[in-house]
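Beneath this line is the structure, given in structure tokens, with notes to follow.
Where a number appears in this text, it was derived from the coordinates with a stated rule and is not lab data. Predicted, not measured: the structure shown is a model, and the values here were computed from it. Neighbour counts are summed over all protein chains in view; Cβ atoms, including those assigned to glycine, are modelled from backbone coordinates with ideal geometry.
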Ligand code: A2P
């Protein structure tokens, strides 16, 4: 069962489930007991652990999808009928124990890894929940795209004062927007990736940053008002915000000397890439950083968040490849086109076991990026599916798409 009080509605479980047993409405994400085969593929990728809840029930009394959609909290344990030993099918909802996850063939089907790289630092998760959020103060809110463009993307800095909020690059937090939804229920938390490194947006300060795009349209282009993104983009200095988290224990950067990063992103998917790049930049003096290769997709230069600061980074520190899709007078290019163009360098990095790959941004690019990586390997007569498996097993390929 998915705990509605912890779930941040990020859709990871629904996307991961190989048998489509997970569904959702505007209230909850739920597991259909008639479809779930207990393969456990959904459990490791969940950034909050909210899906790892178990109740022993007689199969005929398993909680229905309709029941679960109405939950505000998980039901308590029910005692089983006294004659349950003789009942035809007493099962633990979900049928399997968490320890079977690693061996599950279905979990190996997901495109990305369900484990972090071996040298990742250990993350804290769920320190603050819907019931016990932490209050952060806005100490900065700047637009990071051209003022004349449609893409209104903000860099928002939140400070936690004296309260602990330890984070790592690649983790995310939840923001609780004020107010209620159409049914009069408090809004659910919205998830945002950190754009700042572990030691703060400003090194040594207890703060972090987010990259937030003001949502004015849905995926189909129809007018839509993003509840949380508009709230965040309109915040002023000294406003306070309710925060939960941190979340995420797999999309984490390697911590060992000379680890290489291939970072592939579009739009606000650049947030974790900025965090990892800045972490590496602050370590330049140590002499321990590996190679950084960035593929970044945006409509135009002026709609590419952080364009100015990004272009100021030294070329021998990071290999920057910008894929612009709507730049006047230029052919339309996506990140996957540039991965193909840079095949030799990409292959070189892929051949090094110290390389980790991170993909964040539009859902649609996931297939395109995988296909480009496959072609890059194939050109050299190598089998992508073998490497893909290794990358997943070793926690070296991570996706966060939406
Ligand atoms: P496009 O101009 O075709 O929409 P957005 O600004 O909407 O967040 O998108 C960021 C960038 O990602 C844009 O350049 C957009 O191109 C591009 N994009 C859209 N679909 C895909 C896809 N399937 N694969 C890679 N990039 C994509």
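Subtracting the Cα-Cα distance of residue 60 and residue 282 from their residue separation scaled by 0.36 nm leaves 74.2 nm. Taking the longest Cα principal axis of the chain as reference, the axis of helix 365-379 is set at about 60 degrees. Mind giving me the FRET efficiency for residue 378 and residue 11? R0 is 35 Å, r the Cβ-Cβ distance, nearest 0.05 is fine. It comes to 0.65.
The listed peptides 366-373, 63-70, 323-330, ordered by packing as a protection proxy, come out as 366-373, 63-70, 323-330 (highest mean of other Cβ atoms within 10 Å first). Please say if the range 211-313 is rounded, prolate or oblate, where rounded means a/c under 1.5 for a ≥ b ≥ c the square roots of the C-alpha gyration tensor eigenvalues, and otherwise the choice is prolate for a/b larger than b/c and oblate otherwise? Note, shape of the range 211-313 comes out prolate. Peptides 119-129, 350-360, 209-219 ordered by packing proxy, namely the average of other Cβ atoms within 10 Å per residue, highest first: 350-360, 209-219, 119-129. In the chain, the longest principal axis of the Cα atoms and the axis of helix 270-282 are about 60 degrees apart. Of all DSSP beta bridges confined to the chain, the antiparallel ones make up roughly 60%. Is the range 1-78 rounded, prolate or oblate when judged by the Cα gyration tensor, a ≥ b ≥ c being the square roots of its eigenvalues, rounded requiring a/c under 1.5 and prolate requiring a/b larger than b/c? In terms of gyration-tensor shape, rounded. Every helix of 4 or more DSSP H residues in the chain counts as -39500 (n - 2.57), and over all residues that averages to -5000 deg cm²/dmol at 222 nm. The convex hull built on the alpha-carbon positions of the range 342-397 has an orientation-averaged projected area of 3.8 nm². Taking the inverse of the mean 1/r over every pair of distinct Cα atoms in the chain gives a Kirkwood hydrodynamic radius of 22.4 Å.
Modelled label positions at residue 34 and residue 385, each set 7 Å beyond Cα in the direction of Cβ, lie 3.4 nm from each other.
The simple Förster model, with R0 at 41 Å and r as the Cβ-Cβ distance, assigns residue 236 and residue 121 a FRET efficiency of 0.75. When you count the other C-beta atoms within 10 angstrom of each residue and take the mean per peptide, 9-18, 139-148, 241-250 line up highest first as 241-250, 9-18, 139-148. Using only Cα atoms, tell me the angle between helix 384-393 and the longest principal axis of the chain; keep it within 0 to 90° and round to the nearest 10. The answer is roughly 70 degrees. A Förster radius of 41 Å combined with the Cβ-Cβ distance from residue 347 to residue 82 puts the calculated FRET efficiency at roughly 0.05. Give the shape of the range 278-394 as rounded, prolate or oblate, defined through the alpha-carbon gyration tensor: a ≥ b ≥ c are the square roots of its eigenvalues, a/c under 1.5 means rounded, and otherwise the shape is prolate if a/b is larger than b/c and oblate if not. In terms of gyration-tensor shape, oblate. Please list, by residue number, everything in the range 375-402 whose backbone N is under 15 Å from a paramagnetic label point 7 Å out along Cα→Cβ of residue 363. Within reach of a label on residue 363, which here means backbone N under 15 Å from a point 7 Å along Cα→Cβ, the range 375-402 contributes 400-402.
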